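A short write-up of the structure that comes next.
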């Protein structure tokens, strides 16, 4: 990663363990403003834990996390909510609120987080749904009535609804067919370009990783073992990256049978 | 050594869960006094917890009142004290059976539903999504349920008390040959503020325990469908046990002079 200026998000020596299991083991990561970083790595390597530590859903055991140069590691209450206004996230399973119709899901952050009137928030929600290719007729449906791909689109609309500065994508294409995965990748690229946001995605889908990123970092056993521009990933001689991107069973990465 | 290890694990687990519950309770109660308070969610939960529990609680109270009258008559008639049946039914229902039966029925119905709903939200990352949308999950999910349960339960128990006493009246007049007017007169003469208010205080405490156990177990559920199932079971069992324990403590506090 480049070292120019204040990074948008920075993790320094972050450690997190659950019981005896060490998940993050002194993780260092910088995300520069405007960059689209994808963190790749196998299942159970700590990608989701890393994101949850940045968002304050989990608290690191050690280390520091900075957002725009401000330390946020142990922020709580209102101070945490203020920092979270900069963030949005597309969850792996979309995580839509099934008790609310689609438009209220999209407008949720506007109504609850920003205090915007429901009528105005509804107009914004329909506008954002249009940006992800969904018509106003979808707005009144329940999330349970949508396909997996449509749920991801609604999740993306919800993520961009409040014009965030940083968006996290958690396995954005997992569980989708290749065509719908490509549609979601294109939507991510176009919305990121429109908003000019910084993004951090975690995935093990290399097609998606190459398409939506300008930088890639690889996480293994709680540490970043390689990082660089996306264009260099095929030229690196890093044995971890080489094994992962080619999907080989043999190599330095050993699959753990138990989490 | 294995026995010692098991005792140690159990002890550590007990204190871990107690600590976790204490922190959760503290966060939830402090959330009641810190804005924002979601009034429309409180109203929605009052409908779910109170109004929709009315049929099951009402039916239970009616039959309990009836059975109570039959049993008391059976015992009292041995000493020629049949005239005490209306007062004993009244006291039994308002002080004990109304709040306890309603509490246990609502625990089965509502604590399970709350744990299942919040537990599913936990395992599908909806609670994490709330956090990322700058919404405190405790304030949005837990506080409305706690407030709604504490308000709804006394109302529900007041209605259950009336239905229970009516159940006693029906059994006494239809099966035991009591005169209706005399029965009602004895009931009204035996009615005291303390009997009713103590039952309503119990009801508010039971409502708090039911919502707290539902929310706590749902909030900490793990591991998909099986985890949600366990959370639901634990919510009902823990709420029921706490209701019975709290009933003993409150009875001791309110009636032991």
**Complete:** To the nearest 10 degrees, the tilt of helix A:178-195 (Cα long axis) against the first principal axis of the alpha carbons of chain A is 80 degrees
**Asked** Hey, what did chain A get for relative contact order, percent, Cα under 8 Å, at least 6 apart?
**Response** 25 percent
**Message:** Need one number: the % of Cα-Cα pairs in the stretch B:36-252 sitting beyond the 21 Å mark.
**Reply:** 57 percent
**Item:** Spatial separation of Cα centroids for the stretch B:236-257 and the stretch A:131-178, in angstrom
**Value:** 48 Å
**Message:** Counting only helical runs of four or more DSSP H residues, what would the 222 nm mean residue ellipticity of chain A come to if each run contributes -39,500 (n - 2.57) and the total is spread over all its residues?
**Reply:** -9500 deg cm²/dmol
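Listing A:89, A:180, B:121 from the residue with the fewest other Cβ atoms within 10 Å to the one with the most, what is the order?
Exposure proxy ranking, most exposed first: A:180, B:121, A:89.
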**Message:** Need the full-extension length gain, residue B:201 to residue B:47, defined as separation in residues times 0.36 nm minus the C-alpha distance. One decimal, nm.
**Reply:** 53.4 nm
**Prompt:** Full extension from residue B:56 to residue B:252: what is 0.36 nm times the residue separation minus their Cα-Cα distance, to one decimal in nm?
**Reply:** 67.7 nm
**Helix B:2-33 vs. chain B, principal-axis angle (Cα, 0 to 90°, nearest 10)** = 80 degrees
**Complete:** the stretch A:1-123: relative contact order from alpha carbon pairs under 8 Å, six or more residues apart, as a whole percent, is 22 percent
**Prompt:** Based on DSSP H runs of at least 4 residues, each adding -39500 (n - 2.57), what is the mean residue ellipticity at 222 nm of chain B after dividing by all its residues, to the nearest 500 deg cm²/dmol?
**Reply:** -27000 deg cm²/dmol
**Asked** For labels at residue A:182 and residue B:4 in the simple 7 Å Cα→Cβ model, what's the distance in nm?
**Response** 6.5 nm
**Message:** Can you compute the modelled spin-label distance between residue A:64 and residue B:25, with each label point 7 Å from Cα toward Cβ, in nm?
**Reply:** 3.9 nm
**Item:** Contact order relative to length of the stretch B:36-252, as percent, for alpha carbon pairs under 8 angstrom and 6 or more apart
**Value:** 36 percent
**Message:** Can you give the FRET efficiency to the nearest 0.05 for residue B:188 and residue A:98, using r as the Cβ-Cβ distance and R₀ = 41 Å?
**Reply:** 0.25
**Prompt:** Any idea how far apart residue A:145 and residue B:78 come out in nm if each label point goes 7 Å out from Cα toward Cβ?
**Reply:** 6.5 nm
**Asked** Using the Cα gyration tensor of chain A, with a ≥ b ≥ c the square roots of its eigenvalues, what is the shape: rounded (a/c below 1.5), prolate (a/b larger than b/c) or oblate (neither)?
**Response** prolate
**Message:** Can you tell me which of A:34, A:227, A:247 moves the most in a GNM of chain A? Springs connect C-alpha atoms under 10 Å apart.
**Reply:** A:247
**Request:** For chain B, find the longest principal axis of its Cα atoms and tell me its angle to the long axis of helix B:39-49, 0 to 90°, nearest 10.
**Result:** 60 degrees
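Set the Förster distance to 35 Å, then compute FRET efficiency between residue A:20 and residue B:225 from the Cβ-Cβ distance, nearest 0.05.
Rounded to the nearest 0.05, the efficiency is 0.85.
Quick note: the coordinates plus some simple rules give every number you see, no bench work behind them. For clarity, every value in this text was computed on a predicted model and none was experimentally measured. Quick reminder, even Gly has a Cβ in these numbers, built from the backbone with ideal geometry, and neighbours come from all protein chains shown.
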